[in-house]
1. With a 1.4 Å probe and all protein chains in place, put B:K2, A:K319 in order of accessible area, largest first.
2. Taking H placed 1.01 Å from N in the peptide plane, check which residues at least 5 places from B:V5 or on another chain put their amide H under 5 Å from its amide H.
3. Using the Cα centre of chain B as the reference point, and only Cβ charges (+1 on K/R, -1 on D/E), how large is the resulting charge dipole? Debye, rounded to the nearest 20.
4. Averaged across B:269-280, how many Cβ atoms of other chains sit within 10 Å of each residue's Cβ atom?
5. What number, in percent, do you get for the relative contact order of region B:206-272 if the mean sequence gap of Cα pairs under 8 Å and at least 6 apart is divided by its residue count?
6. Tell me whether region A:48-92 comes out rounded, prolate or oblate; compute the Cα gyration tensor, take square roots of the eigenvalues as a ≥ b ≥ c, and use a/c under 1.5 as the rounded threshold.
7. May I ask you to give the percent of accessible area on the protein assembly as shown that is carbon plus sulfur, with a probe radius of 1.4 Å?
8. Separation of region B:40-56 and region B:143-184 by C-alpha centroid, Å?
Protein chains: 2
Amino acid sequence: MKALVYEGVERLEMRDVPVPTVKDGEHLVRIHAVGICGSDIHAYLGHDERRPAPLTLGHEAAGVVEDGPWKGRRVTINPLVTCGTCSYCRSGRTNLCPDRQIISMPPREGAFAQFVSMPESNLIPVPDSFSLEKAALAEPISVSWHAARVALEALHPSMDRQALVIGGGAIGLAATLALTAMGITEIQISEPNAQRRAYLRNQYGLDAHEAPTKSAPIVIDAVGFNATRAAASELAQPGGVIVHVGLGDNDGGLDIRRLTLQEISFIGTYTYTEQDFRDATQAMFDGRLGALDWLETRALEDGSTAFKDMRAGRSAAPKIILTPWGPPSQT
Amino acid sequence: MKALVYEGVERLEMRDVPVPTVKDGEHLVRIHAVGICGSDIHAYLGHDERRPAPLTLGHEAAGVVEDGPWKGRRVTINPLVTCGTCSYCRSGRTNLCPDRQIISMPPREGAFAQFVSMPESNLIPVPDSFSLEKAALAEPISVSWHAARVALEALHPSMDRQALVIGGGAIGLAATLALTAMGITEIQISEPNAQRRAYLRNQYGLDAHEAPTKSAPIVIDAVGFNATRAAASELAQPGGVIVHVGLGDNDGGLDIRRLTLQEISFIGTYTYTEQDFRDATQAMFDGRLGALDWLETRALEDGSTAFKDMRAGRSAAPKIILTPWGPPSQT
């Protein structure tokens, strides 16, 4: 099969690689759409020691089951594979499973390829009327859904239902949509890229600003750099909650004195639980998260260029989806 | 009246100062016992811009009401004065009141003095059988009670009831006692001072270590320095909670990447709510927090030496209590 393989820093190559071996309890999925994540870019730049070259990246995928009783079923993939038996899994916090694996990280190859093998429990059926390109948004949307849920659960009930979202990429936009679906009515989103910011304003009517300016009881840092954490800890209201999603850098930024004197919670979040993934995809299918047309589709062969464009900020759409079997109309 | 006045960096002097003017709704309290807090030391070293010299420090006080219908009543003082009308006060989070004042910080003079004026609602009656020296522990114990309550409320119910407490001073010891009273059975406490550590082990049978070594779902950082935050973020279990009480420095320490990948909450806490103060003092009076004999009593005149001894780590007892009216037997 064809796969876009990360060969070294800033090097992606189309290769012929073996079709994955399907283990017991797993299905082979023909990948029709797979999104490029910020963490793929991070790995591509050589900044993620968990993802050493050579490796097939990509973990935001949807496709059609190729084998067994599910053959022909259209599915979106929960890429996080967990043990199901540890205390975290048994309590529903599957994302904290110490044996968690995610496709695109050894030992599991990723989905920038024509096929992936996945456990049946990681496959979520997609309604016929819902495109597989949009279904490939399930993974980033679940990340944001989880962050929004965690923020709301941690928020003191007396506080206003307002939020600040830092970062207008897929995670920030999806967090805004998730918070809105959960009843937060007043949200400011910040995005330094002017083209992206105009897109958020014009296409979605969002209150998008170049830099965050408005204090809020909930702050979602969907970027995760020193500067965004500094802004988050400045703008979180006393007694409020910062949810930190990004993995930009690990280099300070928090005003710990203010977090302490003003009792602000800083909560790290990683991916989503199985239930979050189910809830988020249901919200997508129900239309509660809007039209979900904030994506741009390109062929997998053009993936290397897509990475370069994302890196250079040349894409206004928050998400680029790659198609390993040709344009969507042919799948 | 006599007062121990902070005159400048590392300078405390006994002075004759006017007895405080008693405002409407307030009572004059004759101070019989007042503890030295880490934050007093911090101010004394010139590290707290909120407490400029000249100023009477001290906010952990107990005494006897001098005037009005409460005259003669033995009380311990909640030193945090709040507005009672803002949204934080109305929702019970009085410690987040934007107009909060604390004695020992302008515009309110502190309790290293023979008298303090306080609103009646800040005075908690002390049972006759309970000494005023022990009653002066109410403030630091309330800080720790609040931190323990916040930690337990934030902890996922599936996690083990275990804790790590970093720092074996009054806040760390009281946090250990509060957590124990709340049902946490397995607690490690770390304290680098050998004399203090031996005291915690021998007098209280605590699992005291020179440095923190044991991971736990709850970590209380009762010190608040770069190194203790680094230890806290290394030893908090995935999905666990770090509660940060101290204001040692504001200079990093957190492993933000680990907090994010392992979904650890870092929660700043400041003082206590009015309800926490009532709950903590009730637990003290009921005996739920043990004998509360971890204090050493000195005359207010010897306060300057006491500060120097604390600064040099020459006091094994976690708390030094100063007595402005002579030794306890005479009060």
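1. B:K2, A:K319
2. B:E13, B:M14, B:R15
3. 160 debye
4. Numbers: counts 5, 8, 2, 0, 0, 0, 0, 0, 0, 0, 0, 0.
Neighbouring Cβ atoms belonging to other protein chains average 1 per residue here.
5. Dividing the mean separation by the residue count of region B:206-272 yields 33 percent.
6. oblate
7. Result for the protein assembly as shown: 49 percent of the exposed heavy-atom area is carbon or sulfur.
8. One Cα centre to the other: 29 Å.
The values are calculated or read from the model by the stated rules, or taken from the named source; none is laboratory data. The structure presented is a predicted model; accordingly, all values stated were derived computationally and were not measured. No Cβ is skipped: glycine too gets one built from the backbone with ideal geometry, and neighbour counts run over all protein chains shown. Calculation scope for accessible area: heavy atoms of the full protein, side chains included, ligands and nucleic acids excluded. Shrake-Rupley method; radii C 1.70, N 1.55, O 1.52, S 1.80 Å.
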